[in-house]
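Taking it in order: structure first as structure tokens, then the write-up.
Just so it is clear, none of the values below were taken in a lab; they were calculated from the coordinates. Bear in mind the structure is a predicted one, so any value in this text is a computation, not a measurement. Ideal geometry is used to build each Cβ from the backbone, glycine not excepted, and the neighbour counts take in all protein chains shown.
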Amino acid sequence: MTGAGSASPAAPGLAAAAARALALIETGTTVGLGSGRAASTFIRALGERVRAGDLSVRAVASSEASAKLAQSYGIPLVTIEEDTELSLIVDGADEVTPAPELGLIKGRGGALVRERILTAASARQVILVGPEKLVQHLGETGPIPVEVIPVGRGLAARRLRALGLTPTVRQAAGGRPREAAGLGDPFVSDNGNLTLDCTLPAPLSDGRAARALEAAIRAIPGVVDTGLFLGTAERVIVGHDDGRVEVLLSAAARTAGGAS
């Protein structure tokens, strides 16, 4: 992770989406920080406001990389305790289906378990994406990540294949390629677990199919979590390279009149 001062400029679309998300942050609140490119763009924007004295917030980070970036801007970090209440989490996603369903695939960056915990602890989940992340059906652009404890890898892979998926152990960036008799250098999450990237035979037909698959994967012993985030997003902020921003709302947010 590069330091705050040496970070490359954010893509215009993500910068615009991050600016819109900042308008949702109130001083004195505790904010969840996701992981990945979109979340990092938001962390830098939030950090500039904190440095300038415009906002006073605390934050909980979903990954070690996000924690380091937040600390480089002087954003105070806390851990989730029994009485910790997060006003919202701002994060990215790998795929987003149309509103009002807003089904998500997350975790291709490797932080899905902690992102799930922060999402559950937050009153709202706000997702920042570019238009290239919008899909009609989940699984259109890549696999569903599944985090598993190392001892459960073999059983989990067998059960995932029985569900019609093709699991592949994620490799560490720059690591040795997978060898016939071993794992090569597998990617290890901040939790010490492995990730099985599960390719679908075809994109999921609808939300019902996604929920059924999520339940089946979660039932496998050794599975910690999946990258299917269904019914969690309150809104998705889509930033375009020309600076335009569109806000996609969940059914609950539409009912509550949450278009701000």
With N residues in segment 144-225, Rg(alpha-carbon) / (2.2 N^0.38 Å) equals 1.11
Descending packing, highest mean Cβ count within 10 Å first, for 133-140, 13-20, 43-50 is 13-20, 43-50, 133-140
Taking 0.36 nm per intervening residue step and subtracting the Cα-Cα distance, what contour gain separates Ala52 from Arg208 on full extension?
-> 51.5 nm
How would you rank 109-115, 146-152, highest first, on the average number of other Cβ atoms within 10 Å across their residues?
-> 109-115, 146-152
Neighbouring Cβ atoms within 10 Å as the yardstick, rank Arg51, Arg108 fewest first.
-> Arg51, Arg108
Find the centroid of the Cα atoms in segment 198-260 and in segment 48-121, then give the distance between the two in whole Å.
-> 16
On average over all directions, what projected area in square nanometres does segment 59-189 have, based on the convex hull of its Cα atoms?
-> 10.5
Could you please rank Thr119, Thr199, Thr79, Thr41, placing first whichever residue has the fewest other Cβ atoms within 10 Å of its Cβ?
-> Thr79, Thr199, Thr119, Thr41
Fewest to most neighbouring Cβ within 10 Å: what's the order for Leu104, Leu248?
-> Leu248, Leu104
